[in-house]
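**Q** Sharing a structure, written as structure tokens. Questions coming.
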Amino acid sequence: MDRAVSMAAVVVALFAAVASGEVVDEFGSGASFIFGDSLVDAGNNNFIPTLSRANMTPNGIDFAASGGMPTGRFTNGRTIADIIGEMLGQADYSPPFLGPNTTGGSILNGVNYASGGAGILNATGKIFVNRIGMDLQVDYFNITRKQLDDLLGRDRAREFLRKKAIFSVTIGSNDFLNNYLMPVLSVGTRVSESPDGFIDDLISHLRDQLTRLHTLDARKFVVANVGPLGCIPYQKTINRVDENECVKLPNQLAQQYNARLRDMLAELNAELPGARFCLANVYDLVLELITNYPKYGFQTAAMACCGNGGAYDGLVPCGPTSSMCDARDKYVFWDPYHPSEAANVLLAKYIVDGDSKYISPMNLRKLYSL
């Protein structure tokens with residue numbers, strides 16, 4: 001009974017705040033709506049039957065908020081999205097959309113829709129059986145959008161999204177790694193579609209997805225380009241390259257896609273009313289980290305801290321039976337695919353406060369302040 005009374009009081013207070021126009025100011029720390037793949041997944045894949053999972057030790061061993069227990073994040077600690085939210089003063093991490101507690105007032109902090117194995121294209125990641133592709137992530141945001149209307153009223157919800165929310169999109173890597181470049185499974189695609197044609201398809205689909213978010217009142221976007229895929233421990237291991245060498249084809253495809261992405265975002269900035277699209281140049285940022293890793297305090301940019309197989313422990317994903325390095329903050333890569341928390345911290349700093357080499361046309365702190 002006491003709990004029911006308490007909840008009623010919260011609801012009454014919320015509606016009173018809405019009526020007085022104070023809700024947007026009350027939640028002034030802002031919201032992050034996060035779309036993407038395993039680089040920013042906060043646990044959505046825990047709630048679907050999939051082979052792409054990180055809800056097992058030692059993943060999350062350095063994640064303070066969980067006491068070092070795995071949460072479904074594909075790293076040893078915080079993702080880059082978590083850290084950016086902290087740097088911008090967000091009150092809490094954006095919860096996974098599929099999490100049972102992602103309801104009511106919690107969505108005013110933002111929501112994470114990202115999914116390990118996801119891609120721009122619906123066919124991407126089928127090797128994992130299930131994943132939440134970008135089209136479905138936008139569908140899920142549409143559900144959140146209606147919940148915000150119910151919570152705040154239509155006009156307040158629109159104002160909240162346009163002024164207080166940042167929409168981050170980190171996707172595209174799997175469209176190459178687990179689609180176009182996938183051994184055996186991708187043979188049909190690569191025979192039937194040239195790299196140019198495949199990238200045209202990616203850009204066209206992403207344009208539609210971003211435009212759809214704009215129609216749902218998203219205005220402030222940060223879109224990450226695809227990193228140097230040929231430099232991750234998995235690609236270095238299966239292609240047997242030297243420690244200081246990267247695999248050429250994945251990097252060439254990433255650069256080709258990134259050039260098209262830059263042009264497309266510039267077009268959307270000109271075409272969509274009120275939209276601000278910022279491009280996070282993750283490719284050059286990660287390449288700088290890999291090339292000059294000692295300068296940033298790392299011991300290796302080739303080896304996975306947690307993994308097994310091959311010269312760089314890059315074949316078997318991180319899990320309970322994997323070998324794990326001792327100095328986790330000295331490795332650029334946590335596992336065969338994903339950066340360590342220490343690397344994520346550096347990447348986030350450049351995206352939030354960096355110059356136009358790594359984030360353009362403005363950094364994220366400036367975008368947030370608009």
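**Q** Can Gln209 be described as surrounded by fewer than 21 Cβ atoms within 10 Å (Cβ to Cβ), of a type outside the set (A, V, I, L, M) and either within 18 Å of Ile120 (Cα to Cα) or touching a Gly at 6+ places or on another chain (Cβ under 8 Å) (or both)?
**A** Spelling it out, Gln209 is indeed surrounded by fewer than 21 Cβ atoms within 10 Å (Cβ to Cβ), of a type outside the set (A, V, I, L, M) and either within 18 Å of Ile120 (Cα to Cα) or touching a Gly at 6+ places or on another chain (Cβ under 8 Å) (or both).
**Q** Can you go through Ser173, Ser194, Ser204 and tell me which one is among the hydroxyl-bearing types (Ser, Thr, Tyr) and in contact (Cβ under 8 Å) with a residue 40 or more places away in the chain? Spell out the reasoning first.
**A** Numbers: Ser194 fails: in contact (Cβ under 8 Å) with a residue 40 or more places away in the chain; Ser204 fails: in contact (Cβ under 8 Å) with a residue 40 or more places away in the chain.
Going through Ser173, Ser194, Ser204 in turn, just one is among the hydroxyl-bearing types (Ser, Thr, Tyr) and in contact (Cβ under 8 Å) with a residue 40 or more places away in the chain: Ser173.
**Q** So which residues in the stretch 57-70 are over 15 Å from Gly319 (Cβ atoms) and open to solvent by less than 40 Å² (accessible area, probe 1.4 Å), if there are any at all?
**A** Phe63, Ser66, Gly68
**Q** When you go through Phe33, Phe27 one by one, which is the residue that is under 25 Å from Leu206 (Cα atoms), at pLDDT 50 or above and touching a helix residue (DSSP H, G or I) at 6+ places or on another chain (Cβ under 7 Å)? Walk me through how you get there before you give the answer.
**A** Numbers: Phe27 fails: under 25 Å from Leu206 (Cα atoms).
After applying the criteria, what remains is Phe33.
**Q** Considering only the stretch 214-264, state which residues are among the acidic types (Asp, Glu) and either touching a residue at least 12 places away in the same chain (Cβ under 8 Å) or surrounded by 20 or more Cβ atoms within 10 Å (Cβ to Cβ) (or both).
**A** To start, the set of residues in the stretch 214-264 that are among the acidic types (Asp, Glu) comprises 217, 242-243, 245, 263.
Correct list: Asp217, Glu243.
**Q** Let me ask something else about it. Could you look through the stretch 71-91, keep only residues that are assigned to a helix (DSSP H, G or I) and in contact with a helix residue (DSSP H, G or I) (Cβ under 7 Å, 6 or more places away or on another chain), and pick out the one that is least open to solvent (accessible area, probe 1.4 Å)? Full working, then the answer.
**A** If we filter the stretch 71-91 for residues that are assigned to a helix (DSSP H, G or I), which is where we start, we get 80-87.
Of the ones still in play, those that are also in contact with a helix residue (DSSP H, G or I) (Cβ under 7 Å, 6 or more places away or on another chain) are 80, 83-84, 87.
On the way: Ile80: 24, Ile83: 7, Ile84: 26, Met87: 54 Å².
Result: Ile83.
**Q** Looking at the stretch 322-352, which of the residues that are within 15 Å of Thr79 (Cα to Cα) and charged (D, E, K, R) is least open to solvent (accessible area, probe 1.4 Å)?
**A** Looking at residues that are within 15 Å of Thr79 (Cα to Cα) and charged (D, E, K, R), I get Asp335.
**Q** Related question: Does at least one position in the stretch 276-291 carry a residue that is over 30 Å from Met362 (Cα atoms) and surrounded by fewer than 21 Cβ atoms within 10 Å (Cβ to Cβ)? Spell out how you get there, then give the answer.
**A** Restricting attention to the stretch 276-291, the residues satisfying the condition of being over 30 Å from Met362 (Cα atoms) are none.
The answer is no, given that none of the residues of the stretch 276-291 is over 30 Å from Met362 (Cα atoms) and surrounded by fewer than 21 Cβ atoms within 10 Å (Cβ to Cβ).
**Q** Further, regarding this structure: Restricting the search to the stretch 110-144, which residues are closer than 26 Å to Asp217 by Cβ, open to solvent by less than 20 Å² (accessible area, probe 1.4 Å) and of a type outside the set (A, V, I, L, M)?
**A** Within the stretch 110-144, Gly110, Asn112, Tyr113, Ser115, Gly119, Gly133, Gln137, Phe141, Thr144 meet the criteria.
**Q** Go through the stretch 223-268 and give me each residue that's touching a helix residue (DSSP H, G or I) at 6+ places or on another chain (Cβ under 7 Å) and in a loop (DSSP other than H, G, I, E, B).
**A** Asn225, Val226, Gly227, Pro228, Cys246, Val247
**Q** When you scan the stretch 167-177, do you find a residue that is touching a Leu at 6+ places or on another chain (Cβ under 8 Å), modelled with pLDDT under 95 and open to solvent by 10 Å² or more (accessible area, probe 1.4 Å), even just one?
**A** Looking through the stretch 167-177, at least one residue is touching a Leu at 6+ places or on another chain (Cβ under 8 Å), modelled with pLDDT under 95 and open to solvent by 10 Å² or more (accessible area, probe 1.4 Å).
The values are calculated or read from the model by the stated rules, or taken from the named source; none is laboratory data. Note that the structure is a prediction, hence the values are computed from the model and not measured. Methodologically, a virtual Cβ is constructed for each residue, glycine included, from the backbone with ideal geometry; neighbour enumeration extends over all protein chains shown. When the accessible area is computed, the model is the full protein with side chains, heavy atoms only, and any ligands, DNA or RNA have been set aside. Shrake-Rupley method; radii C 1.70, N 1.55, O 1.52, S 1.80 Å.
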